[in-house]
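Step one of this worksheet: look at the structure below.
None of the figures in this text is laboratory data; all of them are computed from the coordinates on show. Everything numeric in this text was worked out from a predicted model, so none of it was measured. No Cβ is skipped: glycine too gets one built from the backbone with ideal geometry, and neighbour counts run over all protein chains shown.
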Amino acid sequence: MRIKTVFAAALLLLVCFANDAKGQKAAIKTNLLYDATATVNLGVEFGLSDKWTMDISGNYNPFRFHEGHRWKHWLVQPELRYWTCDRFAGDFFAFHVMGGMYDVGNIDFLKFKILNANFKNMKNKRYEGWTAGVGVGWGHDWILSKHLNMEFEFAFGYMYARHDKYLPYNAHTPYIKDAERHFFAPTKLALSLVYVF
C-alpha cells in the first residue's frame with residue numbers, strides 16, 4: 001500500500017508540473033524497454049526555455065512471477081535536459097537524480113557484471129531495499145509525425161543501494177541486514193514512444 005501511495009503522489013506531481021508549463025510544448029511518453037519487462041511506466045516532459053526541458057518519469061512493477069522469481073520495484077527519475085537544436089527534436093544531454101525501492105531475486109537471466117555490480121548473484125538470493133543515484137546521459141529524438149516521436153537515451157552514473165539479503169530465496173529472515181553497495185552503472189536505457197502536444 002505504501003508503494004502505491006508514493007507512486008500515486010509522484011504521478012500527481014508530474015501533472016502539477018506539467019500544468020505550470022501551460023503554453024509551452026509538452027510531451028507524455030512510455031519506455032518500450034520497460035514495457036517489455038512488465039514494468040508500468042509513464043514520463044512527462046515540459047519546456048523550461050528554448051533549449052531546456054524537464055523530464056520526470058515513474059516506473060512501477062508490482063508483479064510476482066512463477067517459481068518465486070521477483071522483479072518488484074518502483075523508481076522516480078526527474079531529469080533536466082539541454083537540447084542542442086530545438087526542444088523535442090535531435091540530440092540532447094541530460095542530468096538526472098533517481099530514487100526507488102525494490103524486492104528482486106531468484107532471477108537467472110542476469111549473468112553479467114558491470115564494473116563492481118555483479119548481477120549473477122541474484123540467482124539464489126533475494127534483495128529487498130532502496131536505492132538512490134545520479135547520472136548523466138545523451139539521447140536523440142526522431143520526429144515521426146506532427147505529434148509522435150521516437151526517443152533513445154543512454155545514461156551512466158553513480159548508485160547507492162541499501163538492502164536486506166535473503167538466502168535461500170523463500171526465507172523470511174534476512175541473513176545479512178542493512179547491506180550497502182556503492183557502484184557505477186547504467187542508470188537509464190530508454191527507447192520511448194513520445195506524444196508531443
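Here's how it looks for residue 48: its modeled amide H is under 5 Å from those of 53, 54, which are all 5 or more places away or on a different chain.
FRET efficiency for the pair residue 48 and residue 179, taken as 1/(1 + (r/R0)^6) with r the Cβ-Cβ distance and R0 = 45 Å, rounds to 0.70. Neighbour counting of Cβ atoms within 10 Å sorts the residues 140, 163, 73, fewest neighbours leading, into 140, 73, 163.
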